[in-house]
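This report refers to the structure that appears directly beneath it.
A short reminder: the numbers here are calculations on the coordinates, not readings from a lab. Nothing here was measured: the structure is a model prediction, and the numbers come from that model. Please note: Cβ atoms are built from the backbone with ideal geometry, for glycine as well, and neighbour counts cover all protein chains shown.
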Amino acid sequence: MPDEDDRPRDASGSADRPAGADADATWSDIVVPDDISALSRDIAAYRREVRHAARARRVRRLLARRGTIPALVLSGATLLAGIVAVLLSVMAPRTVGHPPAATTLAAPTNAPGTLHGLVPNASLLTQDGTTVDTRSAVLRPEVYALVPVGCGCGELLNALSGQADSEQLRLAIVIPAAEDETTTSLLTDLHRGRPSIYYDSRATFATAVASTGVTIVVVAADGTIYDVEKNITDPATTNLDAVLQSMLLRQRS
């Protein structure tokens, strides 16, 4: 049996080692801790890598599906549009303070009751029996709501009154006659803004503007009709907010 000193040696002069000896030596350098908690950082890092790899696989599978990328682009565009809309509404100029006082009554060429013409000359009766003319300075500027008999529109008028009040304007509700049962229901429904109820027994105002359904008439400080919107059924679909802002900004400039 050959002596240990007779084993073949490599170029460095060391005796040849059996196959796998290097691997065994490497494993012999690993120190296994007695307490597993000593490896907590390594375990946490390993788990993070596993989660990251799993997320990456899910993203690749999702993007590989047909139609996913267009859907993501559309969702992103919708989100961006929503953000822009919110920013515009927040940054949009708002009228502040009290509305401008009534000015000298205008003398437009447009016929009374038409857009940019004077408000119709009608005598309205207040709830306490006082008569007031529609062209009076106390009713300029004003937002009128002309309502038909028995409209059952208390909630609608309540919302419109709130919109007018947001610009420090009153909503003047004009109903056909004092004995109309609409009056009783409105008095219980109205709690937003500063609405007033007037009676126009001859329907002079409604006839002049060809009112249909619930009709909004916005009258400027000089007595001219700034806007008319008919057949209103949903306060969310009206242009009242934008119209009032436009009118008041123009009158203040």
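Structure above, values below:
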quantity: Burial order of peptide ranges 186-192, 217-223 (average beta-carbon count within 10 Å, highest first); calculated: 217-223, 186-192
quantity: Assigned charges on the beta-carbon of Lys, Arg, Asp, Glu; segment 123-252 dipole about Cα centre (debye); calculated: 400
quantity: Hz values of 3J(HN,Hα) by residue in segment 124-135 - Karplus curve (6.51, -1.76, 1.60), Gly and Pro given as x; calculated: 9, 9, 7, 5, 8, x, 7, 9, 9, 8, 5, 8
quantity: Kirkwood Rh and Cα Rg combined as Rg/Rh, segment 123-252; calculated: 0.92
quantity: Amide proton proximity set for Ile173, modelled H, under 5 Å, gap of 5+; calculated: Ala145, Ser196, Ile197, Tyr198
